[in-house]
Each structure stands twice: as C-alpha cells, then as structure tokens.
1. Spin-label point model (7 Å from Cα, Cβ direction): what's the residue 152 to residue 99 distance in nm?
2. To the nearest 20 debye, what charge dipole does the range 94-170 have about its Cα centre, counting +1 at the Cβ of each Lys and Arg and -1 at the Cβ of each Asp and Glu?
3. Tell me, what does the Kirkwood hydrodynamic radius of the range 171-314 come to in angstroms if you use every pair of distinct C-alpha atoms?
4. Which value at 222 nm does the chain reach when only helices count, each DSSP H run of 4 or more adding -39,500 (n - 2.57), with the total divided by all residues and rounded to the nearest 500 deg cm²/dmol?
5. Placing +1 at every Lys and Arg Cβ and -1 at every Asp and Glu Cβ, with all other atoms neutral, what dipole size does the range 220-279 have around its Cα centre, in debye to the nearest 20?
6. Give me the orientation-averaged projected area of the Cα convex hull of the range 267-371, in nm², one decimal.
7. Using alpha-carbon pairs under 8 Å, 6+ residues apart, how would you state the relative contact order of the range 213-371 in percent?
8. Note the angle between two axes, namely the Cα long axis of helix 178-190 and the longest principal axis of the Cα atoms of the chain, as a number of degrees from 0 to 90, rounded to the nearest 10.
Amino acid sequence: MIIGVPKEIKTKENRVGLLPVGVSELKKNGHTVYVENNAGVGSGFNNDAYVKAGAEILPTARDVYSKADMIIKVKEPIKPEYDLIKSNQVVFTYFHFAADRQLTDAMIKNNCIAIAYETVQRSDRKLPLLDPMSEVAGRMAVHAGAKYLEKTFGGRGLLLSGVPGTEPATVVVIGGGVVGTNAAKIAAGFGARVIMMDIDLYRLRYLDDIMPKNVTTMMSNSYNIAEVIKTADLVIGAVLIPGAKAPHLISKDQLKTMKPGAVIVDVAVDQGGCVETTKPTTHEDPIYVVDNVVHYCVANMPGAVPFTSTVALTNATLPYAVQLANKGWEKAVKENKELLLGLNVINGKVVYKGVADAFGLPYVPVESIVK
Ligand SMILES: NC(=O)c1ccc[n+]([C@@H]2O[C@H](COP(=O)([O-])OP(=O)(O)OC[C@H]3O[C@@H](n4cnc5c(N)ncnc54)[C@H](O)[C@@H]3O)[C@@H](O)[C@H]2O)c1
C-alpha cells in the first residue's frame with residue numbers, strides 16, 4: 001500500500017501522524033511511504049530522519065494526497081485539505097465529526113473512508129487512541145497549575161511542593177480517570193497534598209490502593225466539592241461523561257468561597273468544562289481571572305508539547321496503521337472490532353450513529369457494508 005503523511009496545517013499544530021520508526025515498520029511490511037516536506041520538524045524529526053527510515057519526501061500536500069492509498073495524520077482535515085482527499089482513500093486521523101458539520105459533509109462528498117482515532121474502542125470500552133492525549137494533558141495540568149499559582153500571573157504565590165518548614169499546596173482533582181490519575185500522580189510527586197474525587201466508588205478503591213500516601217480519595221458530590229474547594233490551592237477538572245457535556249460541578253457563586261489566587265485548570269474544557277465560569281482559551285492566551293480565581297482552560301493542551309505528544313500518539317496508532325496497510329481497510333476492520341468502531345464515514349455513508357444523530361443524517365449500520 002502507498003501511505004502518505006502530510007504536514008499538519010491547523011494553527012499551532014506541530015504534531016505529525018507518523019514517526020521515522022513508523023516509516024521503518026511500514027517499509028519492513030512492504031509498503032511505500034511518502035512524507036510531506038518538513039512534516040515532522042515541529043515534533044523534532046527532520047526530513048533526513050524520514051529518508052533514512054525509507055520514506056520519500058514530497059514537496060507539497062497535494063503530491064502526498066494524490067499518490068497515497070491511505071493518509072495518516074493527527075488533526076481533522078481543515079478546509080484546504082477537503083478537496084485533496086480522493087475517492088476511496090483511507091484517512092486515519094482524529095475527526096471529531098459530531099462537532100463539525102462542514103467537515104462531515106466534506107468527507108461524505110469526497111467519498112473517502114474516514115477512520116477516526118477517537119472512536120477506535122477496545123472491548124473494555126477504553127479508547128486507546130484518546131488515552132495518550134489524556135495522559136499528556138493530565139500531567140501538564142499540574143505544570144500549568146504550578147506556574148499560574150505564581151504571583152505574577154494572579155496566583156496565590158505558592159510553591160506547589162512548599163519547602164521545609166512550609167505547607168505544600170492542596171490539589172483537588174475532580175475525576176479519577178486517565179487525566180485525573182496522571183494529574184494526581186505528578187502533583188503527588190511534587191509533594192503536594194492531593195485529594196482525588198470521583199463518582200465511581202470502585203475507581204476510588206483502586207486509586208486508594210495504587211496512589212502514594214499523600215493522595216486521599218473522596219466521593220464526588222455537591223456537598224464534598226463545596227467543602228473541599230474552600231481549602232484548595234489548585235483544582236483540576238478531569239471529569240468525563242462519555243458522549244455528554246461535562247456537568248458544572250463548581251458554580252460561579254462558589255468561586256467566592258475559594259482562596260484568592262487559587263487556580264483552576266479545567267482540562268474538561270473540550271467537553272464544555274466542569275466549572276460554570278470555564279471558557280476555552282489558547283496557548284497564546286491561556287488564563288483569565290474570575291472572582292480572584294485564575295482559570296486555565298486550554299482546549300488542546302497536548303499541542304504545547306508536540307515531541308512528547310507525537311511519540312505518545314504514534315506509539316498507540318502505529319499498530320493499527322500497520323494492520324490497515326497490511327490487510328487493506330475492509331479485511332483489517334473485519335478482523336479487528338476495535339478498528340471497526342473507528343469507521344465513521346464510508347464512501348459517502350455515515351456509519352457511526354453518534355455522527356448521523358448529531359446532524360440528522362441517514363445512518364447506515366457498518367455491518368451492512370462490511371460483511
Ligand atoms: N484540554 C485538553 O487538552 C484535553 C486533553 C485530553 C483530554 N481532555 C478531556 O479531559 C476530560 C477527562 O478525560 P479522561 O480521559 O480522563 O476521561 P476518563 O473517562 O478516563 O475519566 C473521567 C472520570 O470522570 C469521572 N466522573 C464522571 N462524572 C464525575 C463527577 N460528577 N465527579 C467526579 N468524577 C466524575 C468518571 O467516573 C471517570 O473516572 C475529558 O473531557 C477529555 O475530553 C482534555
């Protein structure tokens with residue numbers, strides 16, 4: 001198969017869909033890989049590294065799209081990319097269709113096979129191609145929180161770890177999933193006093209078993225949240241209700257009960273946020289202050305650390321990409337249910353119910369196409 005790796009063109013996106021090691025792996029399996037000029041530079045991999053691994057560099061995205069049977073990228077295609085995608089071309093990337101009608105219509109029109117990272121799902125319901133970005137965002141949430149607790153940014157002027165003879169910060173993590181667990185682990189490593197909250201008692205039991213001594217668990221309910229945020233220096237929002245908007249667990253009125261200069265990092269901002277006053281921000285302008293509480297609500301946190309994010313993402317995507325390349329998409333999805341769930345649009349037909357429902361489009365069950 002011929003595989004194409006275009007350079008990401010979405011603003012400030014420095015990740016890339018395939019690393020040189022991925023090129024070697026695909027070459028070993030007998031495939032040809034074309035990479036757009038400088039596609040990997042933002043993640044620390046220059047053209048030479050790709051050439052050494054066996055790729056051929058092409059000057060433009062148009063060249064890559066016109067030659068490839070399968071495109072591997074990171075972000076959903078944006079307008080200038082819509083018409084580069086060919087009929088029957090497999091596009092393996094994040095799509096987030098339900099949030100973008102224009103993108104959905106464009107992928108229906110260009111007759112491609114759209115396999116979305118975010119809906120590839122294991123039998124235990126885990127989302128293996130979303131989890132790496134949650135790991136990055138969870139760990140980064142503590143870095144961001146520590147930084148914005150500094151006085152210059154409007155924070156309390158508190159060092160997360162404290163020093164001998166002083167109190168460490170109190171960090172409250174709401175949501176004990178992938179983001180929350182990674183955040184708690186890093187905050188605990190800094191020496192902060194960490195409280196993890198979740199609505200799932202089994203999850204809390206598990207966290208209680210594996211977390212270090214400076215992490216305690218607490219049931220997430222409105223009373224406990226109201227009490228605990230009064231003592232918090234840093235609150236990390238990490239809840240997810242799959243397929244739904246995040247619930248507002250902290251109201252605007254409750255901000256007044258928090259310490260002046262406390263920081264909220266609402267990682268769940270991409271699902272609407274779990275704080276009433278959350279609104280999406282960017283890496284260029286990441287924070288704002290409401291009622292003396294600093295809010296950090298960057299919706300694409302992993303974008304700030306493209307080297308780590310690209311490696312983490314491609315570690316997870318490569319095995320699936322190799323299956324798609326070796327078997328062709330139809331055989332690959334027939335033999336791997338996880339990949340089957342990644343199919344969103346096939347030759348103009350919407351085969352993912354959530355996407356069809358989001359826009360009132362006709363839904364065609366994937367089983368009626370892949371037999
Ligand atoms: N901003 C970013 O750059 C970025 C990056 C990655 C992920 N995210 C977002 O972070 C959020 C968390 O993702 P995740 O991968 O950790 O999800 P996850 O499914 O692994 O964990 C979510 C946890 O929230 C818990 N939860 C649900 N309702 C709750 C409540 N009322 N109180 C406390 N806990 C509750 C669930 O029980 C679960 O343990 C998602 O919205 C995700 O989209 C954002």
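1. Label-label distance for residue 152 and residue 99, simple model: 3.1 nm.
2. On the way: 9 positive and 8 negative charges, 13 e Å.
So the dipole magnitude of the range 94-170 works out to roughly 60 debye.
3. So the Kirkwood estimate lands at 15.4 Å.
4. So the helix-based figure for the chain works out to -10000 deg cm²/dmol.
5. With Lys and Arg at +1 and Asp and Glu at -1, about 120 debye.
6. Over every viewing direction, the Cα hull of the range 267-371 projects on average to 9.5 nm².
7. 14 percent
8. 50 degrees
The values are calculated or read from the model by the stated rules, or taken from the named source; none is laboratory data. Since we're looking at a predicted model, the values are computed, not measured. Cβ coordinates were reconstructed from backbone atoms using ideal geometry, including for glycine residues, and neighbour counts include every protein chain displayed. For the accessible areas, the whole protein counts, side chains as well, though only heavy atoms, and no ligand, DNA or RNA atoms are used. Shrake-Rupley method; radii C 1.70, N 1.55, O 1.52, S 1.80 Å.
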